[in-house]
Amino acid sequence: MKYGPGRSGLIMEEPLLWEKGRPGRNGMSIPDSDVPDAQLAADLCGEGPDFPDLSEVDVVRHYTRLSQWNFGVDTGMYPLGSCTMKYNPKINEKHAASEGITSAHPMLDDEYCQGTLRIIYELQNYLAAITGLDAVSVQPAAGAHGELAGMLIFAAYHKSRGKKRNKILIPDTAHGTNPASAALCGYKPVSIKSGPRGILDVDQVRELMDEECAGIMITNPNTLGLFEENIREIAQIVHEKGGLVYGDGANMNAVMGIVDMKKCGVDVLHLNLHKTFSTPHGGGGPGSGPVCVVEELAGFLPSPRVVFDGEQYRLEDERPESIGRMHCFHGNYGVLVRALCYILTMGAENLKKATQYAVLNACYIKVKLKNHLHLAYDRPCMHEAVFSDKKQQEYKVTTLDIAKRLMDSGYHPPTIYFPLVVHGAIMIEPTETESLEELDTFIEVVKEIVAEAKSDAELLKNAPQRFKVKRLDETQAARQPCLCG
Ligand SMILES: *Cc1c(COP(=O)(O)O)cnc(C)c1O
């Protein structure tokens, strides 16, 4: 069996600290006390916690081993489609941790934090330049939070025109968070079926768009990794009926530096700094989903906004049309610093190159694997390629089996069973930070698994085999989760 790089050295067995503890073992050696013991009143100290007795090295090894069970972009390729698990450059961390930033207090008056406000202001400007849109707020803390801000802006805009609308068009290839965000703002999502080429059909939109619709939410590129080619025509139809166009730009890494979203007709768009702009994510850590709008909608952006009045950076909060706060203080500030650092260290040329490599890498995987896994739409893809288990059905091997077997080879599984429009989907996003050699090794591993599906399907059915935790009963895990270990 082929392994991905870094496969060996995973420690699979580690007892609990309670099992390792031995009575009387101690974490430090200090000389005996030369003063008499003082008796404290029993009600002051009580029984004390029932902790195991351990030495320092016991504890250090335990936690170091546990930390190595983790899988992340720093340990190997992470082909999780639609998540953009690209490498996070360490220089971003260095700057985010610099003392001027970590010790700045968020309640300082503007005049004492010109530098930290400038970081937000410059980031806003760069994000505007990258998307083509005019005004930006970096408050939202995640992609879905940016969508919520965007939908609140839609609602505020329609309200300001005296026309409350109650529906919104959302393609079946949109990200799952889109209908949820719209529904939170009182919009009923109306699903549009994508056409036979995997993208939106203009006539369908024309048929469904009416003056009850607040607008449309388009994920571009969509979750099939395909570019919505008709976006301008669709935007025109939506605008003619008084609606707005929302662009889900979480996966801007497929178009950054190449596509101007404003020229596409997009009015509001969110970005995921924790995808496109290389800030760490996964595990529910802090993210950032800035929301970007055209000039006409700038007044509705969350408050306060960082502005520059020619002399000073200021937090402007007298903004009567604003949808209000989306986050305390300035948003997830450390993430903003990392993203600005990424943009500045890359420069315009390299940001564009990152996009080109992201697409090239996905296309390479698509072409190399399409004779082995069924390709959902045999068309030029953007940053990700969507396959399915159709070819493996005759061996009764499913997408889940393939994903689990990949773990045995040292890879994080790709996104599976999403998007829903592809039965048994396997969605692979290699990102631009993987080298040709890494991609080739991954491709070889997938090919080997596909061959095993034919020769020894049981191997896949019983995967993963090299882990402490074997295949979970997912139904039981969902229905009766045991959360207390
Ligand atoms: C990841 C993603 C989101 C959601 O972003 P979160 O930060 O996870 O809330 C929304 N849309 C698309 C297309 C995405 O890929």
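The values are calculated or read from the model by the stated rules, or taken from the named source; none is laboratory data. Keep in mind that this is a model prediction, so the values were computed, not measured. Backbone-built Cβ (ideal geometry, glycine too); neighbour counts: all protein chains shown. To get the accessible areas, we keep the full protein, side chains included, count just its heavy atoms, and leave off ligands, DNA and RNA. Shrake-Rupley method; radii C 1.70, N 1.55, O 1.52, S 1.80 Å.
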Subject >> Charge dipole of the chain about the Cα centre (unit charges at C-beta), most positive-ward option of Gly186, Thr131, Ile218 >> reply: Ile218
**OP:** Using Cα pairs closer than 8 Å and at least 6 residues apart in sequence, work out the relative contact order for the chain, in percent.
**Re:** 19 percent
**OP:** For Lys90, list the lysines whose Cα falls under 16 Å from its own Cα; do not include residues on the same chain fewer than 8 positions away.
**Re:** Lys275
Original post:
Once the convex hull of the C-alpha atoms of segment 159-222 is built, how many Å³ does it hold per residue, rounded to a whole number?
Top reply: 82 Å³
Subject >> Label-point separation, Tyr87 to Glu229 (7 Å along Cα→Cβ), nm >> reply: 3.5 nm
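With +1 assigned to the C-beta of every Lys and Arg and -1 to the C-beta of every Asp and Glu, and no other charges, what is the dipole magnitude of segment 350-469 about the Cα centre in debye, to the nearest 20? Could you put the intermediate results ahead of the total?
Working: 16 positive and 17 negative charges, 57 e Å.
So the dipole magnitude of segment 350-469 works out to roughly 280 debye.
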Original post:
Sorted by accessible area (1.4 Å probe), largest first, how do Met85, Met1 line up?
Top reply: Met1, Met85
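Quick one: compute the contact order of segment 367-421, relative version, from alpha carbon pairs under 8 angstrom and 6+ residues apart, as a percent. It would help to have the intermediate numbers written out before the result.
On the way: 36 pairs, mean separation 12.6, N = 55.
For segment 367-421, the relative contact order is 23 percent.
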Original post:
If you take the C-alpha gyration tensor of segment 399-478, multiply each eigenvalue by 5 and take the square root, what semi-axes do you get, largest first, in whole Å?
Top reply: 21, 17, 13
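Find, to one decimal place in angstroms, the Kirkwood hydrodynamic radius of segment 91-345, where the mean of 1/r is taken over every pair of different Cα atoms and then inverted. If you can, show how the numbers build up before the last one.
Values: mean 1/r = 0.0543 Å⁻¹.
Result for segment 91-345 stands at 18.4 Å.
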Original post:
Using alpha-carbon pairs under 8 Å, 6+ residues apart, how would you state the relative contact order of segment 187-242 in percent?
Top reply: 38 percent
Original post:
What size of dipole, in debye to the nearest 20, comes out for the chain about its Cα centre when the only charges are +1 on Lys and Arg C-beta atoms and -1 on Asp and Glu C-beta atoms?
Top reply: 1600 debye
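With N residues in segment 28-125, what two-decimal value do you get for its Cα radius of gyration over 2.2 N^0.38 Å?
Details: Rg = 24.2 Å, N = 98, 2.2 N^0.38 = 12.6 Å.
Segment 28-125 yields a ratio of 1.93.
Expressed as cubic angstrom per residue, what is the convex hull volume of the alpha carbon set of the chain?
210 Å³
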Subject >> Listed residues Leu16, Asn26, Pro36: farthest to the positive end of the dipole of segment 14-55 (Cβ charges) >> reply: Leu16
**OP:** Calculate the length of the line joining the C-alpha centroid of segment 366-391 to that of segment 229-254, in whole Å.
**Re:** 26 Å
Original post:
How much of the DSSP beta bridge set in segment 91-345 is antiparallel, as a percent to the nearest 5?
Top reply: 40 percent
Original post:
What aspartates and glutamates sit close enough to Lys241 to cross-link, taking a C-alpha to C-alpha distance under 14 Å and skipping anything fewer than 8 places away on the same chain?
Top reply: Glu207, Asp210, Glu211, Glu212, Glu233
Original post:
Ignoring ligands, DNA and RNA, what percent of the 1.4 Å accessible area of the chain is carbon and sulfur?
Top reply: 54 percent
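Highest mean first, how do 446-459, 234-247, 266-279 rank when packing is the count of other Cβ atoms within 10 Å averaged over residues?
Working: 446-459: 16.7, 234-247: 21.6, 266-279: 28.1.
Listed from highest to lowest mean packing, they are 266-279, 234-247, 446-459.
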Subject >> For the chain, share of DSSP beta bridges that run antiparallel, in % to the nearest 5 >> reply: 55 percent
Original post:
Å³ per residue of the Cα convex hull, for segment 212-338?
Top reply: 154 Å³
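Report the antiparallel proportion of the DSSP beta bridges in segment 150-293 as a percent, rounded to a multiple of 5.
If I count the DSSP bridges inside segment 150-293, around 15 percent turn out antiparallel.
Stokes-Einstein diffusion coefficient for segment 337-453 at 20 °C in a medium of 1.002 mPa s, Rh from the Kirkwood formula over Cα pairs: what value in µm²/s?
Working: Rh = 15.1 Å.
In µm²/s, the coefficient is 142.
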Subject >> Extent along principal axes [Cα atoms of segment 215-287; Å; largest to smallest] >> reply: 42, 21, 21
Subject >> Separation of the Glu212 and Asp309 label points, Cα + 7 Å toward Cβ, nm >> reply: 4.8 nm
